[in-house]
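Undergrad: To start, I am sharing the structure in question, which I have written as structure tokens.
Coordinate-derived values only; no laboratory data. Small disclaimer: the values here were computed from a predicted structure and weren't measured. A quick note on method: Cβ atoms are made from the backbone with ideal geometry, for glycine too, and the neighbour counts reach across all protein chains shown.
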């Protein structure tokens, strides 16, 4: 079994970095994210667009094998707990949900999503693979990270090098790993002004 069928089949040409991006669960347990790679993906995230330049995103990088990573892993739930700890790092993404004057930031989640989008595309450009997940106990995760009030965990991004499919046990996760990528047709998602 291989990952060969993961390149997106698109209705029009898109950048290769976008067509090649997908979310694996099989990560190389020997690979360690370099400082250059980490700096590059975080810089890409930092320069994302932001409403009123509020930049609500915050990142906690947990490198595999560190005490903080080990302490954090039990907060992962479901299948995520079985595969995500093997990635080079877990990047916990949080958002400041209040503005500087204490008002709710209506754009915090949107802006943080844009930031993560930049992060994962930069990672793909570096031949790193990412997988975002929401399956975790957010309260336990926030406690482990000692996050201050006003920071809400949005997602966790596993990042690292791809491993062979056989790194996953037989079963549903391995089947998902080799299944073709699918997306809804443009006709289903473009409500007005279809090309």
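Undergrad: In whole percent, what relative contact order does the chain give with Cα contacts below 8 Å and a gap of six or more residues?
TA: Relative contact order of the chain: 33 percent.
Undergrad: Now, a different point. Could you tell me which label, among (1) 15.3, 43; (2) 17.5, 58; (3) 17.5, 54, carries the value of Rg and Dmax of the Cα atoms in Å calculated for this structure?
TA: Given (1) 15.3, 43; (2) 17.5, 58; (3) 17.5, 54, the calculated one carries the label (3).
Undergrad: Turning to a different aspect of this structure: For the chain, modelled as a Gaussian network with Cα springs under 10 Å, which listed residue fluctuates most, 12, 81, 169?
TA: Among 12, 81, 169, the largest mean-square fluctuation in the Gaussian network model of the chain belongs to 12.
Undergrad: When only C-alpha pairs under 8 Å and at least 6 residues apart count, what is the relative contact order of segment 95-191, in percent?
TA: Worked out over segment 95-191, it gives 27 percent.
Undergrad: Can you give the calculated 222 nm mean residue ellipticity of the chain, where each DSSP H run of n ≥ 4 adds -39,500 (n - 2.57) and the sum is split over every residue, rounded to the nearest 500 deg cm²/dmol?
TA: -8500 deg cm²/dmol
Undergrad: In segment 81-107, which residues have a backbone nitrogen under 18 Å from the label point lying 7 Å from residue 137's Cα in the Cα-to-Cβ direction?
TA: What the label zone holds, given the 18 Å backbone N cut-off, is 81-85.
Undergrad: Hey, rough spin-label estimate for residue 14 and residue 63, points 7 angstrom out along Cα→Cβ, what's it come to in nanometres?
TA: 3.3 nm
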